[in-house]
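The values are calculated or read from the model by the stated rules, or taken from the named source; none is laboratory data. From a predicted model like this one, the values you see are computed outputs, not experimental measurements. Note that we place each Cβ from the backbone using ideal geometry, even for glycine, and neighbour counts take in every protein chain shown. What goes into the accessible areas is simple: the full protein's heavy atoms, side chains included, and nothing from ligands, DNA or RNA. Shrake-Rupley method; radii C 1.70, N 1.55, O 1.52, S 1.80 Å.
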Amino acid sequence: MTLIDGITSRSVQTPRLRANVLERAGDPTAGGPAVVFIHGNVSSSLFWQDAMLATPEHWRVFAIDLRGFGDSETLPVDPTRGLRDFSDDVASVVAELGLGSVHVVAWSMGAGVAMQYALDHPVRSLTLQSPLSPYGFGGTAADGSRLTDDDAGTGGGGVNPDFVARLEGGDRTAESDGSPRSVYASSYVLPGFVSEHEDIWVESMLTTKVGIDNYPGDGVASENWPGFAAGSRGVLNTMAPKNLNLTGIVDLEPKPPLTWIHGANDLIVSDTSFFDLNYLGQVGVIPGWPGEDVAPAQPMIMQTRAVFEAYAAAGGTFQELVLENCGHSPHLEYPEAFRDALVATVEAAGGE
């Protein structure tokens, strides 16, 4: 019982993969703007259901499960391509559905997928919620430069093994800090937030396919602190800075309207992220931190703002919405504000 009333699911076969796609029941087949939602890491399209239902009735809304998530086919993820395996998959679904140029709404890692998609395919607008930095996740200085040649502290080697084991085992309890339900409650949303659909969100997380070629991927030993570096297989290594740099959006032509929505209390994507190993070293959670000169925390918000401001300076339209008392999931925590910003972005692109 993971589909909310008004949402339907179907399988779409493309030349690249068999993808699961959510749609809103009764949507028009033509006429309104086509809006595609892309989920983040350790989640699926299920997280988008309320947001899809809240959009204007004349819109055609779709949410796509990425490979290895939700009910889409489990295929290996090649991180040497950055996030292109995912963005190419999305493009194949958009083509199979005959949608043409779409409005893209994306969350966290999915926002990186959306930026890569925009670099390779025309889009009408971009609404990016809690996006990872355009320089990847972890291992970069404020200017985006890599801290080490092997991206120490990033990639598949830094994940809590208890969390991975509980994902694989289908743990639905909150008995451990590493349980998916506990991670959702402490990190996906601001602690204390209550949702009537929490069980669905946990089921969404549990669709994540665990393995070396999917989540989390592998890591390798490193001479640099904290002793491991990005590997060459699986999801988390797609976001290592050696594999991912999305700053090319600054030079994108034409430039679609871009809206950045994020919570002021996000613990995942932050200048002080509790998922950044260097920040955890700085605050003493991980011992042996070599200091800020060697391993500074990644200023993710600062980096993103600088790139998006450069996007605007180069002729693009950029809006930023920061929500106070909000974590990593504005579409869940402040649905009305999220909807209003999304509608304004689509309308700014001529998608009334």
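Results, tabulated for the structure shown:
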read-out	value
Which listed residue, of 188, 184, is in contact with a His (Cβ under 6 Å, 6 or more places away or on another chain) and either open to solvent by less than 20 Å² (accessible area, probe 1.4 Å) or among the hydrophobic types (A, V, I, L, M, F, W, C) (or both)	188
Hits in segment 86-103 - residues which are touching a Lys or Arg at 6+ places or on another chain (Cβ under 8 Å) and open to solvent by less than 10 Å² (accessible area, probe 1.4 Å)	86, 89, 102, 103
Unique match (being over 19 Å from residue 155 (Cβ atoms), among the acidic types (Asp, Glu), modelled with pLDDT of 95 or more and buried (at least 17 other Cβ atoms within 10 Å of the Cβ)) among 203, 253, 292	203
Top-ranked residue of segment 1-22 - restricted to ones that are open to solvent by less than 40 Å² (accessible area, probe 1.4 Å) and in a strand (DSSP E or B), ranked as nearest to residue 96 (Cα to Cα)	12
Positions within segment 147-159 being within 19 Å of the chain's Cα centre (by Cα) and not in a helix (DSSP H, G or I), in sequence order	154, 155, 159
Candidate set: segment 116-146, residues that are among the aromatic types (Phe, Trp, Tyr) and not in a helix (DSSP H, G or I); chosen: the one nearest to the chain's Cα centre (by Cα)	137
Helices (runs of 4 or more DSSP H) completely within segment 257-346 that count 3 or more residues being over 17 Å from residue 188 (Cβ atoms) and within 17 Å of the chain's Cα centre (by Cα)	300-313
Which listed residue, of 47, 69, is among the aromatic types (Phe, Trp, Tyr), touching a residue at least 40 places away in the same chain (Cβ under 8 Å) and in a loop (DSSP other than H, G, I, E, B)	69
